[in-house]
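In what follows, a single structure is set out as structure tokens and then discussed.
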Amino acid sequence: MNDNKIFQKIIVFTLLIISGNLFAQSDLSINGYIQTDNRIRFDNGQFSWNENRLNLKFEGAPSDKYHFFSEVRLRGFGFPNVNSVSELQTREKNYVYTWGIEFREAYLDLYQFGLDDIDIRIGRQIIVWGTADKINPTNNISPDDLEDIFNFGAQLGANAFKADYYWDDVTLTGVFVPIFTPATLPYGDYAKAFVPEFNIPPGMTIRNVTDKITLPETKLSETSQYAFKIATNLFDYDLSLSYYNGRDDFPLANEIIIIPVDTFGTADVQTGMIYPKIQVVGADFSGSVFNIGFWGEGAMFLADKVYMNTYIQTQMGLNPIEKSVALDDEPYLKYVLGFDYTFSNSWYVNAQFIHGFIHERGKDNLNDYIAIRFEKKFFNDKLKIVPIGGVVTIIDWGDIGNNYGVAGSPEVTYYPTDNIELIFGAFIMMGEGDNMFSRIQDQDEFYIKAKVSF
């Protein structure tokens, strides 16, 4: 049995012990949910997603001086991967049914720490900044979790120290993250949504592409991140200003090595990637006028310049053939403006204009997106329908017909009881030109989800 499997068994055993203690002590609680999620492609009937999840949250506040919280996710994810009889005989059953553990959060809150107006939080935590809905350009501390490409706004926990100082109606927040954690990318062939084509010499055919990511060196000056925020309420509007100094959590290609394999122009390609340093100055607001909710959020990104070096492998070694700029140090602005409103007939609408998506960077590489969602509940909130929901991207406003992308997600949710959800829906993509939705427009799928909360 390998060390990873031993570790997983220890974690599960520990969770069972903790669960027993939680029920035995009145000042501790446990809640969570069980969810199953299955998706199947329209074009070929192939399953693309198979997940069963148990999400557990442990929480307690034995006194008014401290509070603790932890969230652990146990999941069976993927499909059987059996290639031999011996793999059917493993006690772990990991070839028949893949499973794993995701340790999302575990932190301690200490209230009035040293001074009456200071609270601190220590441990793994998901820190969310910004007022926009799911797409937050000021939110750069916790790494993005894009495993499920349609679950925008999901994040991973980061080991951090956070302190809040309260001064009348003003809250000052400081965050320090000692260890850099990269974002996760979409599962399966959805990854190509975030991977644009790269240039190779004319007449050359690519056979294989491999990549290598170089993480920051494990020393404090290279992996640490810090951030500050000042927030207040003025005339019934929530306002904040923020600053972040750290790294982009998406890898950036900064090296291409072309390796010829024959005399007919066929070559293998190796790409090298890094995580560039960035600084982000942000601001946001939220409020309402005449029962219409409004929000806005913007962030100015200042990145270190990164060059793209292209080499070709020869008998004499690597021969440089091109040097270009992969990421300029010119500041660029991402922003989101949005509103939501519930009409008198109970229809609800949520809409946002987004300039610069999560993975986009550089002044000349930011696209525009319009996200919109209409929904309505029926039969005493037992049934919810979303006939229109999704995102439209415009790459070139001067030639929209050849430069657009659409990702739609109509959905129906049925609530048999208060704590059960049955969800039926689809992901439908289309587009023209080169954009994140046109790259995956042949991957439409239908999904069925069931969730029970406790």
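Scanning the range 165-217 for residues that are touching a Phe, Trp or Tyr at 6+ places or on another chain (Cβ under 9 Å) and small (Gly, Ala, Ser) turns up Gly174, Ala183, Gly188, Ala193.
Name the strands (runs of 3 or more DSSP E) wholly within the range 335-438 that hold at least 1 residues that are touching a helix residue (DSSP H, G or I) at 6+ places or on another chain (Cβ under 7 Å) and more than 29 Å from Asn291 (Cα to Cα)?
383-394, 404-408, 420-432
Taking each residue of the range 277-291 that is more than 16 Å from Ala132 (Cα to Cα) and looking for partners that are acidic (Asp, Glu) and modelled with pLDDT of 95 or more with beta-carbon atoms closer than 6 Å, six or more apart or interchain, yields Ile278/Asp248. If you check Phe250, Phe264 for being outside any strand (DSSP E or B), hydrophobic (A, V, I, L, M, F, W, C) and more than 20 Å from Glu360 (Cα to Cα), only one passes: Phe264. Does Val72 satisfy the condition of being modelled with pLDDT under 95 and either within 22 Å of Gln155 (Cα to Cα) or assigned to a loop (DSSP other than H, G, I, E, B) (or both)? Considered against the rule, which asks whether it is modelled with pLDDT under 95 and either within 22 Å of Gln155 (Cα to Cα) or assigned to a loop (DSSP other than H, G, I, E, B) (or both), Val72 comes out as no. When only residues in the range 110-125 that are in contact with an Asp or Glu (Cβ under 6 Å, 6 or more places away or on another chain) and not hydroxyl-bearing (Ser, Thr, Tyr) count, which is farthest from Ile354 (Cα to Cα)? The extreme case among them is Asp119.
Say whether the condition of being charged (D, E, K, R) and in contact (Cβ under 8 Å) with a residue 40 or more places away in the chain is met by at least one residue in the range 377-384. Checked the range 377-384: no residue is charged (D, E, K, R) and in contact (Cβ under 8 Å) with a residue 40 or more places away in the chain. Annotation: of all residues in the range 380-426 being of a type in the set (S, T, N, Q) and surrounded by fewer than 16 Cβ atoms within 10 Å (Cβ to Cβ), the one that is nearest to Asn345 (Cα to Cα) is Asn380.
So, in the range 136-186, of the ones that are among the aromatic types (Phe, Trp, Tyr), in contact with a Leu (Cβ under 9 Å, 6 or more places away or on another chain) and in contact (Cβ under 8 Å) with a residue 60 or more places away in the chain, which residue ends up farthest from Ile213 (Cα to Cα)?
Among them, the one singled out is Phe152.
Under the condition of being surrounded by fewer than 16 Cβ atoms within 10 Å (Cβ to Cβ) and either closer than 12 Å to Asn254 by Cβ or among the small types (Gly, Ala, Ser) (or both), the residues counted in the range 308-334 number 4. Of the residues making up the range 359-374, those that are in contact with a Gly (Cβ under 9 Å, 6 or more places away or on another chain) and either of a type in the set (Asp, Glu) or closer than 16 Å to Gly338 by Cβ (or both) are Asp368, Tyr369, Ala371, Ile372, Arg373, Phe374. In the set Ile274, Ile256, Ile213, only one residue is touching a residue at least 60 places away in the same chain (Cβ under 8 Å) and buried (at least 18 other Cβ atoms within 10 Å of the Cβ); that residue is Ile274.
Among the candidates Asp364, Asp368, the residue that is at pLDDT below 95, of a type in the set (D, E, K, R) and surrounded by fewer than 18 Cβ atoms within 10 Å (Cβ to Cβ) is uniquely Asp364. Checking the structure you have, find out if any residue of the range 18-40 is surrounded by 11 or more Cβ atoms within 10 Å (Cβ to Cβ), modelled with pLDDT under 90 and within 25 Å of Asp145 (Cα to Cα). No, there is no match, as no residue in the range 18-40 is surrounded by 11 or more Cβ atoms within 10 Å (Cβ to Cβ), modelled with pLDDT under 90 and within 25 Å of Asp145 (Cα to Cα).
The values are calculated or read from the model by the stated rules, or taken from the named source; none is laboratory data. Being a predicted model, the structure only gives us computed values, none of them experimental. Note that we place each Cβ from the backbone using ideal geometry, even for glycine, and neighbour counts take in every protein chain shown.
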